[in-house]
């Protein structure tokens with residue numbers, strides 16, 4: 001019997017749940033996923049440094065950056081379907097092994113004094129795809145290692161961990177690169193190796209009972225898409241969030257241009273990023289409490305409204321401290337909403353569709369973010385920072401108004417009750433009025 005096959009036992013349902021801080025399997029999964037996320041952020045930040053400062057190739061930096069982000073567009077939906085088919089624990093282990101080997105190859109190449117663009121691009125794609133699989137699989141598995149009463153707190157800690165990884169990844173990569181161009185990639189390999197050991201020590205299964213799928217991968221993907229489309233609340237919410245993602249990408253370009261026009265200091269952008277990350281961590285921790293008390297519709301509409309209010313001053317403010325405070329407030333609201341939305345999604349999504357549903361939402365988010373970067377460049381060129389900032393604030397306000405008046409967002413199903421199973425004129429006795 002191997003470590004992968006060792007017997008696991010479910011917690012006894014009649015016993016009081018152990019505190020989350022003492023939940024061994026959750027702490028192992030949380031730590032492993034956090035290390036993998038931190039390593040991925042560090043390597044992504046190190047790619048342009050490597051190609052520009054060592055390879056003297058801005059074009060190469062673009063190629064590697066594209067390779068690192070490509071999995072978000074081409075792997076997302078198949079990954080969700082495969083996560084619902086395969087053993088999640090084995091898949092998480094495979095992701096860490098793939099990331100470890102990819103980063104070890106880059107490290108060995110650099111230690112040998114060589115730089116081969118195809119190898120760096122391939123490693124970036126493999127590590128990016130592994131990270132994508134890892135995030136989706138962990139999100140689908142979380143409800144199997146925590147008691148239902150602790151799901152909200154667990155997702156809040158996961159969101160805070162993700163915000164912290166984003167906050168620390170860039171400075172970690174830059175600092176390590178100063179001492180050796182191979183060090184950021186060796187660091188990422190080490191995080192994968194450590195995460196691998198944490199996964200091997202998890203005792204509980206990370207999914208329910210499975211029966212072999214008799215359908216094709218394409219059919220599985222289509223089933224996940226159909227399920228999302230049938231959910232009135234979720235499909236409306238994801239459209240609103242897709243629109244907000246597009247506006248946020250335009251905003252990030254706008255504020256970078258505002259800072260450049262004011263003092264042109266990259267350090268100012270770094271400080272703004274630090275404050276933004278701290279706001280996200282605070283929002284994630286607050287979301288653990290809000291998710292149990294606030295209705296999803298109220299959080300969605302409130303976040304969209306707050307974003308609109310905070311976006312408008314970007315047209316008039318150029319001071320980095322003030323900009324950091326504005327973006328920190330936006331990040332706070334975004335992280336809080338991510339926790340509330342994540343709890344709602346996991347509670348109403350059937351176990352066998354967890355991976356696919358999450359992948360649909362992730363694909364919509366990444367797709368609109370890419371479009372936002374393209375649209376933002378044209379808007380700033382044509383209208384400048386003042387008109388663009390006011391325009392995106394107005395667009396966000398319109399999304400907030402839709403969230404407040406949309407009938408589709410007024411009723412959401414309770415746990416285990418899919419919207420497609422409810423009649424069109426749902427009785428509030430069988431649902432949550434929000």
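If I ask for residues that are within 18 Å of residue 177 (Cα to Cα), part of a helix (DSSP H, G or I) and in contact (Cβ under 8 Å) with a residue 24 or more places away in the chain, which ones from region 47-64 would you list?
47, 49, 50, 51, 53, 54, 60, 64
For residue 366, indicate whether it is closer than 21 Å to residue 284 by Cα, part of a helix (DSSP H, G or I) and modelled with pLDDT under 80.
yes
Could you tell me whether region 148-171 includes any residue that is more than 20 Å from residue 41 (Cα to Cα), assigned by TED's automatic domain parsing to the domain that holds residue 45, in contact (Cβ under 8 Å) with a residue 24 or more places away in the chain and not in a helix (DSSP H, G or I)?
Checking region 148-171: not a single residue is more than 20 Å from residue 41 (Cα to Cα), assigned by TED's automatic domain parsing to the domain that holds residue 45, in contact (Cβ under 8 Å) with a residue 24 or more places away in the chain and not in a helix (DSSP H, G or I).
Need at least 2 residues that are crowded, with 21+ Cβ neighbours inside 10 Å and either touching a residue at least 40 places away in the same chain (Cβ under 8 Å) or out of contact with any helix residue (DSSP H, G or I) (no Cβ under 7 Å at 6 or more places or on another chain) (or both) per element, so show me which helices (runs of 4 or more DSSP H) inside region 71-139 make the cut, counting only ones lying wholly within it.
76-85, 88-111
Which one is nearest to residue 252 (Cα to Cα), of the residues in region 291-309 that are buried (at least 21 other Cβ atoms within 10 Å of the Cβ) and free of Cβ contacts under 8 Å to residues at least 60 places away in the same chain?
303
Just to be sure I understand, how many residues within region 135-166 are within 11 Å of the chain's Cα centre (by Cα) and farther than 25 Å from residue 330 by Cβ?
1
The values are calculated or read from the model by the stated rules, or taken from the named source; none is laboratory data. What you are looking at is a predicted structure, and each value in this text was computed from that prediction instead of being measured. Ideal geometry is used to build each Cβ from the backbone, glycine not excepted, and the neighbour counts take in all protein chains shown.
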